[in-house]
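The values are calculated or read from the model by the stated rules, or taken from the named source; none is laboratory data. Everything numeric here is computed off the predicted structure, so don't read it as measured data. Here Cβ is always computed from backbone atoms with ideal geometry, including for glycine, and neighbour counts include all displayed protein chains.
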Amino acid sequence: MKSDVFVSVVAPVINAEPFLEQYLREVSALLSARFKDYEIVLVDNRSSDGTVSLVERLQRDIQNVQLYCLARFIGLEGAFVVGIEHAIGDLVITMDPAFDPPERIPDLIELYGRGREIIYGLRQDRGGRLDQGGFYNMLARAFYALYRAITREDMPIELSSFRLLSRRVVNTFIQNQDRYNLFSVMPAFTGLHYATLTYERVNRKKGEHRTEYLDALGRAIKLLLLSSNRPLRMITFGSLVGATLSLCYAVYVVVVHLFKSDELASGWASMSLQISGLFLLHFIILAVMGEYLIQIFVHTQNRLPYLIVKESSSLVLSRKQELNVTLDTGGSPRTELPR
Amino acid sequence: MKFATESIAVIGCGFYGASVAEHLARQGARVTVIEQDPEPLMRASYNNQARLHGGYHYPRSFSTAYRSRLNFPRFMEQFHPAIRSDFVNLYAIARINTKVTARQFETFCRNIEAPLRPARPAFAKMFAPHLIEAVYETEEFVFDAAILRRLMADRLQNMGVEMIFGRRVSSVETQNDSRLRVVCTDGSSLSANWVFNCTYAGLNTIGGISRTRQGLKQEVTEMALVELPPELQGLSVTVMDGPFFSFMPFPDRNLATLSHVRYTPHADWIEKIHGFRDPYATLDVTSRETRFGYMIRDAQRYLPALRGAVYRDSLFEIKTVLMRNESDDGRPILFEADPRNPHIVSMLGSKIDNIYDALAAIDLIVQSRPRA
């Protein structure tokens, strides 16, 4: 018995030509067996290979595939949000077609059926050759640990892009102005009770995975600062402490000068330490404020976060089931068509 | 008039075929109309949203929009009993992915002199503000296709047009005396001086009539029929977006038609690329699973009140489009004389109020070819 729930699967693609057809057929077979209405939303992140023309070709064969082509590359997380914004399902499943296993989709939906509105897939990386590299993973874990400490958000470290979100969660999330940067730390914002599903990543890419450390660092900083005001407050608190200490030190200097002026030369070291400490504090403050100012600037500019240049839908000429020959339909004879 | 001695066969009694037949009969010709269905105006003339275009729909094509406005009052006057105007017509402009902004839409309506005013707050606030930029009240009506059918049948009768129903034309042959013989699938035939092929989807299905030079694209389309929730009764809404949707009253069934540019087409084929196939037979064997679930889910993001709409039925039909209209809003009519015999004319129009352009074209072609 097929379910009435409308499922949307959101999958960003970039240069996915080698594995996309197999992925689409797998997901489509899975969904069509269980659901009356569903859609697969693909967001093309400026693929330079034949991904787009492959999808357009498959849209004549596979039902309910929706493709959006972006004008500019906006990164994996941004592409997820674009897909979520355009999905129309009662529930939305996000997955990376290069790494996430379609066969676990039924498990996500089963958890949803038990009343969970958000389900996060937790990856169990086998690490090493097949994945992004042990060093990167280690850094990622360290970052998320730092993130948790600073923002005090309860978030599992093994978070991945394989998730299920209910319509209510989606509607709330897309109201957020910073949503294009916040997809990876979404649990920090909804506050809703979530469930988790542990799964193993596959690797369809079958090639080396280039790790962009600088890019990741940029995203890490943006995440940290967009997520909460606590870093700024910490800095403010720190500078206040520094200011107080400097004041105390100034008092100390005056006292010493009044009572121990013959030992002044020995004060040189501590004074240098104090000056450099203050400078350090000032630079940190400037950096943080600069980052916040950039965000304010971007917001007031009202720049379009993305532009969709092309959209296409599946159009499959599908035939009715053949009626049993012994039934008398009383209708006009059907013409046999060459396919 | 030159037509007194002409005998004319019109194939297809949709709105176009019937109008052409009446127009020619009015000029003195002896007209016979042949239709495969038991009644006139049963196919594309009935299975559509029945919007009487006020020009708003085509902001990217000034000429199409302006012609719509010119034809609007003429159609109103001629088919008054069939027109329904007792509802509020709203146009909502989307914020993103739209090919026209609110300001562009206002300028455009001013240029084509179409009445436009910002929607009253009670209506405007029904739309999701983060998706809709502006809402306007416009002046557009619908026609009741069943009443139109009766009107046309009466007029044809009054003009003395012979109407043959339940026969499908299979071919048109040129005889030795240059007259044309129209042959039906049941073997019957009739002869005439002129043949007008107004069969819409079946334009290229008649033997002896050359397939049109301009390619045709055939679409299997679905128009959902829904019962609107109380707060949307008496309203008609068109959302202008990349892929837009609209619902309008459908008087004959006391329901509303819901059409969505993305989900209304179920399948399509381009005759010149995918090969020629009989459109009626293809429609018959196509599975008719409604895409209402998709339409309503997308639409209710823009207008949450649509959540209360109840699905009742669907109208499935073949929609025939000329190939060159994909990238703009242009909707010209096709009017082609057969290169092998100029007395065979194939016509196709995609908007009902384009009929006046079609009739004008007939006058031109007929007056320029006198017959002894």
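Okay, here's what the table says:
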{"quantity": "Hits in segment B:84-113 (condition: within 14 Å of chain A (Cβ to nearest Cβ) and on the phi < 0 side of the Ramachandran plot)", "calculated": "B:Ala94, B:Arg95, B:Ile96, B:Thr98, B:Lys99, B:Thr101"}
{"quantity": "Residues that are touching a Cys at 6+ places or on another chain (Cβ under 8 Å) and charged (D, E, K, R), drawn from segment B:153-204", "calculated": "B:Arg167, B:Arg168"}
{"quantity": "Members of segment A:168-192 found to be modelled with pLDDT under 75 and either aromatic (Phe, Trp, Tyr) or farther than 20 Å from A:Ile84 by Cβ (or both), listed by number", "calculated": "A:Phe189"}
{"quantity": "Selected residue [more than 29 Å from B:Arg307 (Cβ to Cβ), among the hydroxyl-bearing types (Ser, Thr, Tyr) and out of contact with any Cys (no Cβ under 6 Å at 6 or more places or on another chain)] from B:Tyr136, B:Tyr66, B:Tyr91, B:Tyr56", "calculated": "B:Tyr66"}
{"quantity": "Conditions (1) touching a Pro at 6+ places or on another chain (Cβ under 9 Å); (2) crowded, with 19+ Cβ neighbours inside 10 Å; (3) more than 26 Å from B:Gly202 (Cα to Cα); (4) of a type outside the set (Asp, Glu): number failed by B:Ile296", "calculated": "(1)"}
{"quantity": "Candidate set from segment B:30-43 (those that are crowded, with 22+ Cβ neighbours inside 10 Å and hydrophobic (A, V, I, L, M, F, W, C)); member that is farthest from B:Glu317 (Cα to Cα)", "calculated": "B:Val31"}
{"quantity": "Breaking point among (1) in a helix (DSSP H, G or I); (2) modelled with pLDDT of 90 or more, for A:Tyr136", "calculated": "(2)"}
{"quantity": "Residues that are among the acidic types (Asp, Glu), within 14 Å of chain A (Cβ to nearest Cβ) and either buried (at least 22 other Cβ atoms within 10 Å of the Cβ) or over 25 Å from B:Asp268 (Cα atoms) (or both), drawn from segment B:166-222", "calculated": "B:Asp186, B:Glu222"}
{"quantity": "Condition check for A:Met155: at pLDDT below 80, over 12 Å from the mean Cα position of the chain (by Cα) and closer than 23 Å to A:Leu91 by Cβ", "calculated": "yes"}
{"quantity": "Residue that is exposed (fewer than 14 other Cβ atoms within 10 Å of the Cβ) and within 26 Å of B:Pro251 (Cβ to Cβ), where the choices are B:Arg117, B:Arg69", "calculated": "B:Arg117"}
{"quantity": "Qualifying position, being modelled with pLDDT under 90, polar (S, T, N, Q), surrounded by fewer than 20 Cβ atoms within 10 Å (Cβ to Cβ) and out of contact with any Asp or Glu (no Cβ under 8 Å at 6 or more places or on another chain), among B:Gln78, B:Gln104", "calculated": "B:Gln104"}
{"quantity": "Within segment A:279-319, tally of residues that are within 14 Å of chain B (Cβ to nearest Cβ), modelled with pLDDT under 70 and surrounded by 11 or more Cβ atoms within 10 Å (Cβ to Cβ)", "calculated": "0"}
{"quantity": "Among the residues listed as A:Asp100, A:Asp90, the single one being touching a residue at least 60 places away in the same chain (Cβ under 8 Å), within 14 Å of A:Leu164 (Cβ to Cβ) and in contact with a helix residue (DSSP H, G or I) (Cβ under 7 Å, 6 or more places away or on another chain)", "calculated": "A:Asp90"}
{"quantity": "Condition check for B:Val226: within 11 Å of another protein chain (Cβ to nearest Cβ), outside any loop (DSSP other than H, G, I, E, B), buried (at least 19 other Cβ atoms within 10 Å of the Cβ) and on the phi < 0 side of the Ramachandran plot", "calculated": "no"}
{"quantity": "Residue within segment B:2-21 that is in contact with a His (Cβ under 6 Å, 6 or more places away or on another chain) and buried (at least 21 other Cβ atoms within 10 Å of the Cβ) present", "calculated": "no"}
{"quantity": "Segments classed as helices (runs of 4 or more DSSP H), wholly inside segment B:242-325, with at least 2 members that are facing another protein chain (nearest Cβ under 9 Å)", "calculated": "B:279-285, B:292-302"}
